[in-house]
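The values are calculated or read from the model by the stated rules, or taken from the named source; none is laboratory data. Keep in mind that what you see is a predicted model, and the values were worked out from it rather than measured. Neighbour counts run over all protein chains shown; Cβ positions are idealised from the backbone, glycine included. Surface areas here come from the heavy atoms of the whole protein model, side chains and all, with no ligands, DNA or RNA. Shrake-Rupley method; radii C 1.70, N 1.55, O 1.52, S 1.80 Å.
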Amino acid sequence: MMGLYFLYSLAVSAVLLCTTPAGGYVYQMIYDCEYGDNITDVVFFVKNIFNQKLNNIYDSRVGKYVGFGEYGMKNADHYNNQAWKMALRKTQVETLCRYNARLFRRSTLDRKVPPIVRVHQTKLANYGERSMLECSVVGFFPQEVRVSWLRDGVEVPTDVSSTDVLPNEDWSFQLHSYLELIPKRGERVSCRVDHSSLKESLEVAWDTFALDAKHVKMTAGIIFFFIGLTAAAGGAVYHWWKQRCMWTSGFDFSPVGRQG
């Protein structure tokens, strides 16, 4: 009946060691909360164990102690006649079991932390060269997540790999997915993440600014080179024209008169 055992098992709450006979006695009191799959159904047990044998047990389903063996039944009757102890056990169902169940639910079942997603090239490559993109999905909770790649809105079925879902120190998780591709100019490549903390899929596109900027710089360099080359050629032509004009102006082509 109890599908989920969790959270509160206080072992060896009280241990009494006696000196006689040789070897002594060991007494253990264990508080035990056992829960159903939905964590709303709870059964509270208090187990009294003497020398590794169950002597008696409090069961919240019947609201009293049940003994095993002659001494166990005597002890159970004694505990059941203690009104303060019976009231305490009923209170502990709420203060121990249900209280910790609420903490567990808030920190696990009801906890939703959206992922942080970043897409980048693992190594800079130009358009037309084989490259690899990494989609880092970090800081999410719970663990279940789905990551896929899109090229111009179409899911990529091949050349995709990923790590396992890895735990972080803060009870969140991370995953890294990889896509091998040959980048094309103007193509939109994005990483899509589906997680229970998100109302809809989160899609983050690869920012090609660094790759485009490299080509812009190259193009600008070529343009400025031709501008400089044109300016140099224009200067050379102007200098040649000016020198030619000065050379022609040094000759007098006027007719020479005859002498009588």
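Things worth noting here:
- Net charge over other residues, Cβ less than 13 angstrom from the Cβ of Met132 (K, R count +1; D, E count -1): -2
- Residue-wise HN-Hα coupling along segment 50-58, computed from phi with Karplus coefficients 6.51, -1.76, 1.60 (Hz; x: Gly, Pro): 10, 6, 6, 10, 5, 8, 7, 8, 8
- Local electrostatic count, Leu109, Cβ distance below 12 Å [Lys/Arg +1, Asp/Glu -1]: +3
- Approximate spin-label separation Asp164-Lys123, in nm, with each point projected 7 Å along Cα-to-Cβ: 2.7
- Between the amide H of Val156 and those of Trp149, Leu150, Arg151, distances stay under 5 Å, these residues lying 5 or more places away or on another chain, with hydrogens modeled in the peptide plane.
- Measuring nothing but protein heavy atoms, the accessible surface of segment 144-205 at 1.4 Å probe radius is 49 percent carbon and sulfur.
- Qualifying aspartates and glutamates (Cα of each under 17 Å from Cα of Lys74; at least 8 residues distant if same chain): Asp59
- Of the trypsin sites (Lys or Arg not before Pro) found in segment 175-214, those in coil by DSSP whose Cβ has at most 14 other Cβ atoms within 10 Å are Lys184, Arg185, Arg188, Lys199.
- For the peptides 48-56, 26-34, 86-94, the ranking by packing is 26-34, 48-56, 86-94, with the highest mean count of neighbouring Cβ atoms within 10 Å listed first.
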